[in-house]
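Data first, discussion second: the structure below is written as structure tokens.
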Amino acid sequence: MLLVATTVLSLSGSAVASQEKNSASPAMVGLEAEGDFSALNQCLLRTYQPYKNGSNVEGVVQSNNYCKYHKLSGYLQRHRWHGWSTMDSVKDKSDYLHVRFVKSCKDSGNQNYRTHGTVRRGTQSGSGSSPSNRFTC
């Protein structure tokens, strides 16, 4: 089972976070209008746990619906001695994001990998990361 964290930042600025075990669910981050929880009024960005595929690390970041007026960013990261380092990214996409990162991890040793995402709308923002996955390529 994977540990999945879900973070939702409301437009009023209050954050709600929860953790659950679910092997099929990604971590999610998003913005929603306070008091309105219908799927049509939520912009959620999902960050899926990266995995090894041959000598590559692969990960997916995607929004679950059309996020009109939002800026979405996705990152594939690995943990280094100084913290999380970005291997690849897509920044400030408008309205919708679906990206599949594929990066070589050949000869990089045993590393922790994760995907990370951010959602912005005006001065409000939210961010979240997938559970990390450790492996050797």
Among the listed residues Gly83, Gly74, Gly117, Gly59, identify the single one that is at positive phi and at pLDDT 90 or above.
Gly83
Residues satisfying the stated conditions in region 96-114, i.e. in contact with a Ser or Thr (Cβ under 7 Å, 6 or more places away or on another chain), charged (D, E, K, R) and surrounded by 12 or more Cβ atoms within 10 Å (Cβ to Cβ):
Arg114
So which of Arg46, Arg120 is among the basic types (Lys, Arg), in contact (Cβ under 8 Å) with a residue 24 or more places away in the chain and surrounded by fewer than 21 Cβ atoms within 10 Å (Cβ to Cβ)?
Arg120
Please indicate, with yes or no, whether at least one residue in region 74-91 is outside any strand (DSSP E or B), loosely packed, with under 14 Cβ neighbours inside 10 Å and not β-branched (Val, Ile, Thr).
yes
Against the conditions (1) at positive phi; (2) outside any loop (DSSP other than H, G, I, E, B), where does Asp107 fall short? Just the number, please.
(2)
Go through region 85-137 and give me each residue that's in contact with a Lys or Arg (Cβ under 7 Å, 6 or more places away or on another chain) and aromatic (Phe, Trp, Tyr).
Tyr113, Phe135
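The values are calculated or read from the model by the stated rules, or taken from the named source; none is laboratory data. This structure is a prediction, so every number in the text was calculated from the model and none was measured. Reconstructed Cβ throughout: ideal geometry from the backbone, glycine too, with neighbour counts over all protein chains shown.
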